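The values are calculated or read from the model by the stated rules, or taken from the named source; none is laboratory data. Being a predicted model, the structure only gives us computed values, none of them experimental. Here the Cβ positions follow ideal geometry from the backbone for every residue, glycine too, while neighbour counts run over all protein chains shown. Note: areas computed on protein heavy atoms with side chains; ligands, DNA, RNA excluded. Shrake-Rupley method; radii C 1.70, N 1.55, O 1.52, S 1.80 Å.
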Amino acid sequence: MSRTATRTDPATVEVVRNYLHSAANEMQRTLIRTSYNTTIYEMLDFGISIYDADLNLVADSPGLTMFLGANDYSIKKGVEYVGEENLAPGDIVMMNYPYWSSAHTLDPCLFSPVFDEDDEIIGYTVVRAHWRDIGAKDAAYVHDSTEVYQEGILFPGTKVYKQGEPDEELLELLRFNSRMPSATLGDLNAQVAAIRIGRQRLQELHNRHGSETVEAAVERVLDHGEHQACEALRDLPDGTWYAEDYLDDDGINDELVKMAVEVTIDGDEFGVDFTPSSDEVEGPVNVPIGMTETTCKLALKTLTTPHEPSNAGHYAPLSVTAPEGNLFHATHPAPTFTLWPSMLGIEVIFKALAKGLPERLPAASGGDLGAIMVWGTDSDSGRMFMEGCNEGIGWGATDDHDGANGLMHISETNVQNTPIEVLEHKAPVQIEQLEIRPDSGGAGRHRGGVGVQRDYRFLEDAKALATVKKTKTDNWGIDGGQPGARNAVVLRPGTDDEESTGTFRDSFTADEVVSNRTAGGGGYGDPYERSPEAVRADVIDGYVSREAAQEKYGVVLNDDDSIDHEATRDRRADR
């Protein structure tokens, strides 16, 4: 990075660094406390960032891990579109034009310039969060749009606040283009509140230490971040590795959608090339390039600086290639609402890296978000309700331990599922069952983590959908490990109308059930090398059935759950 500034002492650098991260965390707390919809304040589907005057990321506080650095591309495009010279103190700009904002239309990005006492820009505060509705063709989520104009009202970089005052006409436009106007405007105001807190804290920092000192400290922080990332890469073997996987469909056509990548480590450089992937498709699974870059940033950070608060220096070694018109570089007016390749693409990058770094990478996880949404009209109030819940999956096993059970996908590891008490209070559903899913973890010397099963029973008529795009193909193990069970959403189980599916959108009547069953992670190593005691413990804990213990691991148990050592030796010897 080419930056010059007055140098400062290490203690001051740490004061400035921690102040900036504290400010980002305070922005997060403000957003959570003031937002209207549970996707923000329960699930934590948001991204918060602070930038310096040169648009370098200096601190962030993401909820959704996929928003780690996701605002980088959008802030640059937003300032470029509006023009730095057209920004004034108190301005707040909103953008959700997906090709610039790096997300779908329901994740509007709001940003504000921060000015010092001399009216010079010293930085920017940015908040992105998931709204309930912004006038797309369908409520809740869009699975089958064929152009961006079906995905909601678009803002390329529009001032919602001008010099500290709201643009009431624009807010009215938002209100009349949302099925849930109170929640939409409430969440916008929550983002504004968070932006103002960040703006205030950044101004206080500069007033207290002086802009030259703060800029010098930020330079040191970014240089150190780049040094950390480069040093970590130099410790890894050089090479180029290829991998591919498939999305169930594009929402319009039933054909599998190819996600393919070449990953290169060359000294202190990390390159990711999506050129082998599918071209843009008809349905809304195309990914804006800003989101693609974020996918790669997450993979790089996982390898190099996983325990460090994020800053621009950590991503200096990264280069991303995705030609325009590729699945991972959507071009106007391609639909982009269902961004699942960006999440599943992380797994494909890891799959490629595992060929060169098998001891550093896990086997595949369950590979999806298990996302369910329920909406309709409340029978008491007559008002629209809309609630959602993402589900945990099994994580892949590694060279030295089993995969974790029932955790959120790596693209959203900071995200929480919606508490049962909240779901049942806000939507006419009863959660009849929430349990681990036996035998879903891939067999291996180290077992893949197990998925979960959650059953929703409707108490009155309502609509529901699932967005699950990894049900038709297996995930993968490493070094002889087996894949985990696939994701499945079972509609109306136990009835004549039972159907096992993935992504769906349907209406339900009282007493009907949706059963969400998430995938397990892949195993690592030969299952017959797993300790019989570990297999026995898995059976006792309910992770593995007695039948699977015998068939997949070659471990035979007696009726009292003790190991039949002779039968086990014979079975393992005869495979």
**OP:** Among what's in the range 369-407 and is of a type in the set (A, V, I, L, M) and closer than 24 Å to Arg179 by Cα, pick the residue that is surrounded by the fewest Cβ atoms within 10 Å (Cβ to Cβ).
**Re:** Met384
Subject >> Members of the range 408-427 found to be surrounded by fewer than 22 Cβ atoms within 10 Å (Cβ to Cβ), farther than 22 Å from Phe508 by Cα and free of Cβ contacts under 8 Å to residues at least 40 places away in the same chain, listed by number >> reply: none
Subject >> Residue list for the range 527-552, restricted to those being surrounded by 18 or more Cβ atoms within 10 Å (Cβ to Cβ) and in contact (Cβ under 8 Å) with a residue 60 or more places away in the chain >> reply: Pro527, Arg530, Asp538, Tyr543, Val544, Ala548, Lys552
Original post:
Looking only at the range 460-471, which residues are open to solvent by 20 Å² or more (accessible area, probe 1.4 Å) and more than 23 Å from the chain's Cα centre (by Cα)?
Top reply: Glu460, Asp461, Lys463
Original post:
Just wondering, is there one or more residues in the range 91-102 that are touching a residue at least 60 places away in the same chain (Cβ under 8 Å), among the charged types (D, E, K, R) and more than 22 Å from His409 (Cβ to Cβ)?
Top reply: yes
Original post:
Does Leu205 meet the test of being more than 26 Å from the chain's Cα centre (by Cα) and open to solvent by less than 10 Å² (accessible area, probe 1.4 Å)?
Top reply: yes
Original post:
Among the residues of the range 472-511, which ones are on the phi < 0 side of the Ramachandran plot, of a type in the set (D, E, K, R) and surrounded by 14 or more Cβ atoms within 10 Å (Cβ to Cβ)?
Top reply: Lys472, Asp474, Arg486, Arg505, Asp506
Subject >> Odd one out for Glu293 among (1) part of a loop (DSSP other than H, G, I, E, B); (2) open to solvent by 10 Å² or more (accessible area, probe 1.4 Å); (3) of a type in the set (D, E, K, R) >> reply: (1)
Original post:
Picking from Ala363, Ala330, which residue would you name as being touching a helix residue (DSSP H, G or I) at 6+ places or on another chain (Cβ under 9 Å), assigned to a loop (DSSP other than H, G, I, E, B), in contact (Cβ under 8 Å) with a residue 24 or more places away in the chain and closer than 30 Å to Gly135 by Cα?
Top reply: Ala330
Subject >> Pair list, Cβ < 6 Å and 6+ apart or interchain, from the range 253-276 residues that are within 21 Å of Asp474 (Cβ to Cβ) to residues that are surrounded by 17 or more Cβ atoms within 10 Å (Cβ to Cβ) and acidic (Asp, Glu) >> reply: Val257/Asp250; Met259/Asp245
Subject >> Yes/no for Ala232 being of a type in the set (A, V, I, L, M) and open to solvent by 20 Å² or more (accessible area, probe 1.4 Å) >> reply: yes
**OP:** Report whether or not Arg486 is assigned to a loop (DSSP other than H, G, I, E, B), modelled with pLDDT of 95 or more and either of a type in the set (Phe, Trp, Tyr) or out of contact with any strand residue (DSSP E or B) (no Cβ under 8 Å at 6 or more places or on another chain) (or both).
**Re:** yes
**OP:** Within the range 119-160, work out how many residues are assigned to a loop (DSSP other than H, G, I, E, B) and open to solvent by 30 Å² or more (accessible area, probe 1.4 Å).
**Re:** 11
Original post:
Which one of Gly502, Gly525, Gly480 is under 23 Å from Gly392 (Cβ atoms) and small (Gly, Ala, Ser)?
Top reply: Gly502
**OP:** Determine whether the range 504-516 contains at least one residue that is at pLDDT 95 or above, closer than 20 Å to Ala404 by Cβ and either of a type outside the set (Asp, Glu) or not in a strand (DSSP E or B) (or both).
**Re:** yes
**OP:** Six or more apart or on different chains, Cβ under 7 Å: which pairs go from a residue in the range 379-407 that's closer than 20 Å to Ile420 by Cα and polar (S, T, N, Q) to one that's open to solvent by less than 40 Å² (accessible area, probe 1.4 Å) and assigned to a strand (DSSP E or B)? Could you list them?
**Re:** Asn390/Ala371
**OP:** Enumerate the pairs (first residue in the range 147-160 and more than 16 Å from Leu173 (Cβ to Cβ) and touching a residue at least 60 places away in the same chain (Cβ under 8 Å); second residue anywhere and of a type in the set (Gly, Ala, Ser) and open to solvent by less than 40 Å² (accessible area, probe 1.4 Å)) with beta-carbon separation below 6 Å, excluding pairs fewer than 6 apart on the same chain, so at least 6 apart or on different chains.
**Re:** Glu151/Ala136; Glu151/Ser145
Subject >> Identity of the residue in the range 440-459, surrounded by fewer than 21 Cβ atoms within 10 Å (Cβ to Cβ) and more than 25 Å from the chain's Cα centre (by Cα), that ends up farthest from Met384 (Cα to Cα) >> reply: Arg457
**OP:** From Pro309, Pro323, grab the single residue that is farther than 22 Å from Tyr51 by Cα and either open to solvent by less than 40 Å² (accessible area, probe 1.4 Å) or over 16 Å from the mean Cα position of the chain (by Cα) (or both).
**Re:** Pro323
